[in-house]
Each structure stands twice: as structure tokens, then as C-alpha cells.
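Taking it in order: structure first as C-alpha cells, then the write-up.
Please treat every number below as a calculation from the coordinates, not as lab data. None of the values given here were measured: they were computed from a predicted structure. A quick note on method: Cβ atoms are made from the backbone with ideal geometry, for glycine too, and the neighbour counts reach across all protein chains shown.
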Amino acid sequence: MRIIIRENAEELSKIAAQQIIDGYTPGMRLGVATGSTPLGLYKALREAHAAGDFSMAGSSAWALDEYVGIPADHPERYFNVLHTELVKDGGVGLFEADLHTPDGGAEDPKVAAKEYDAAIAPGVDIQILGLGRNGHIGFNEPGGGLASRTHVDVLTASTREANARFFDNDMDRVPTFCVTQGLGTIMSAKKIVLLAFGTDKAEAVEQLIEGAVSQLWPATVLQHHVDVTVYIDEAAASRLELLDYYRTLEQL
Ligand code: GLP
């Protein structure tokens, strides 16, 4: 696990975007996360596209997850969120037809989950991840299996509370179910780029990097992946025991 620590999220978003641009190959499959954390990274990719330095034309993007039962035109439907970030007004050059999300509106979301998993196999080239305060990645909440594939899941109260800000702070409007790539699906990505900012994430970051691998902290499964880079700000890194060691390692 490579750990990159910087003062603030803006700087980290730019460095992470550069990693994506450097690792980009035409036709590649990019796994994309939602939530507020990767927004700076997407902005940096859009700026690179506008400057003519980067384009995802002919490549594809694959979302981690989607709410079940959210209206198709709801602004928080992850397809719509990612469309705004990556496709709209030129975005990163990605074509709408190449933006894939699990079908949360399917008659049988379990079938949709299986189909999505099959479509992703054998795994995306680079997967961008955020991190839930409780250590979730995608919507893999604590207690799910470490080898799970794309499946229908239940959102914990803590995740629904955290996401209520996207639903007018009204918990009743936050969906209860989702379709999410499983941890096994996420682990099938060739390369993983995880970002986490702020003190809210410090405990999850501590577990991710220094905790025991456990389904109680789902992101800890990433300790078994061969190519993970974690971008964290000083606040998110504040609970790490081996901070000096990580800073030195980065200079190698
Ligand atoms: C959301 C998403 C995750 C995201 C996480 C953190 O619920 N399903 O993919 O990484 O929670 O969100 P944020 O970046 O807004 O803190």
C-alpha cells in the first residue's frame, strides 16, 4: 500500500488525478466512486480534458454502486451524479453510452447485480475509491463478506445519516437499499486509488492501514491488494501510529 499524505484535499486530488492520467490507456475501464471525496479529482480530470491533455473518449467508466428504487431523474441517483461529473458539457470526454452503473431501478435488483458483476469481470483497470466513516467502500457495510461480488445491500443507519445531506437532510428520503460492487469485485481491479479527507475519516483510515483485516472494517481487505495508493490529508492521517515511516517511504 502506497500512502501519500499532504496538507489538503485540493493538492491530493490533483496528484491523484495525475496518477490516473499517467496510468491511462485508450479503451481502459475506469472504476468511479461517488460521494464528495472524489469531486476534486474529477474536476482536475475535466480541467485536463479542457486543456486537451486527457480524454476518456472510447473508454468506459464503471460505478461502484447505485441506490435501489431512486427515481430515474433524481439528482442523487449515482448515474446522474457521475453523468454530471464525467459526461456533461464535455466532462472528461466520456460518452454517455460508456458510463455504466448498476440498475437500481430493475424489477429484480439481485439479477441486475449479477449482470453488472459479469459485465465488470475480469475487473476494471483503475478503481477510484472513497471511504465511509465506518470503513465502507462502495456500499459494502461492516459485517458483509470480504470476498463478496456485486449484490443488493442494506445501508446502515450511520451511512444513511452521512448521506442525508444529499437528500435535504431528511433521513426519510435516503434510500435503504442499494446495489454495490462486492469487496471481491473491487479487489479484482488491477490498480486501486483511494482518497480520504478530514478527521471524520481518521478512524477508518487508521483501520484501513494499520488495523487487522476484518469484515467489521470492510476497507481493510485492501491490505491484500498488490497495487493500492491511498491519498490522505493530515486530518485523516492523524491517528496513524507509523506516520513518520509512511512519509519516509513515500520518498523512495
Ligand atoms: C458513499 C458512497 C461511497 C463513498 C462514501 C464516502 O455512501 N457509496 O462510495 O466513498 O460513502 O462518501 P464521502 O466521500 O461523501 O465522504
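Structural remarks
- Percent breakdown of C-alpha pair distances by 10 Å bin, ordered from the shortest bin, for the chain: 8, 33, 39, 19, 2, 0
- THR248-ASP168 FRET efficiency (beta carbon distance; Förster radius 51 Å; 0.05 resolution): 0.65
- Under the combined filter of DSSP loop state and at most 10 neighbouring Cβ atoms within 10 Å, segment 46-131 retains none of its chymotrypsin sites (Phe, Trp or Tyr not before Pro).
- Computed from the Cβ-Cβ distance with R0 of 22 Å, the FRET efficiency linking ALA51 to ILE15 stands at 0.85.
- Each principal axis of the Cα atoms in segment 23-143 has its own extent, and those three values, largest first, are 42, 31, 30 angstrom.
- Max mean-square fluctuation residue, GNM over the chain, Cα-Cα springs under 10 Å, options GLY90, GLY132, GLY31: GLY90
- Span from the segment 1-67 Cα centroid across to the segment 134-184 one, whole angstrom: 22
- Segment 37-120: GluC sites (Glu not before Pro) falling in loop per DSSP and having at most 15 other Cβ within 10 Å: GLU107
- Fully extending the segment from ALA212 to ASP108 would add 33.9 nm, taking 0.36 nm per residue of separation and subtracting the current Cα-Cα distance.
- Cross-linked pairs LYS43/LYS114; LYS88/LYS110; LYS43/LYS191; LYS114/LYS190: Cα-Cα separations exceed 25 Å for LYS43/LYS114; LYS88/LYS110.
- In a reduced charge model with +1 at each Lys and Arg Cβ and -1 at each Asp and Glu Cβ, segment 2-239 shows a dipole moment near 460 debye about its Cα centre.
- R0 of 25 Å, Cβ-Cβ distance GLU115-PHE95: FRET efficiency to nearest 0.05: 0.75
- Convex hull volume of segment 149-252 per residue (C-alpha atoms, cubic angstrom): 116
- Exposure proxy ranking, count of Cβ atoms within 10 Å, fewest first, for LEU64, LEU129: LEU129, LEU64
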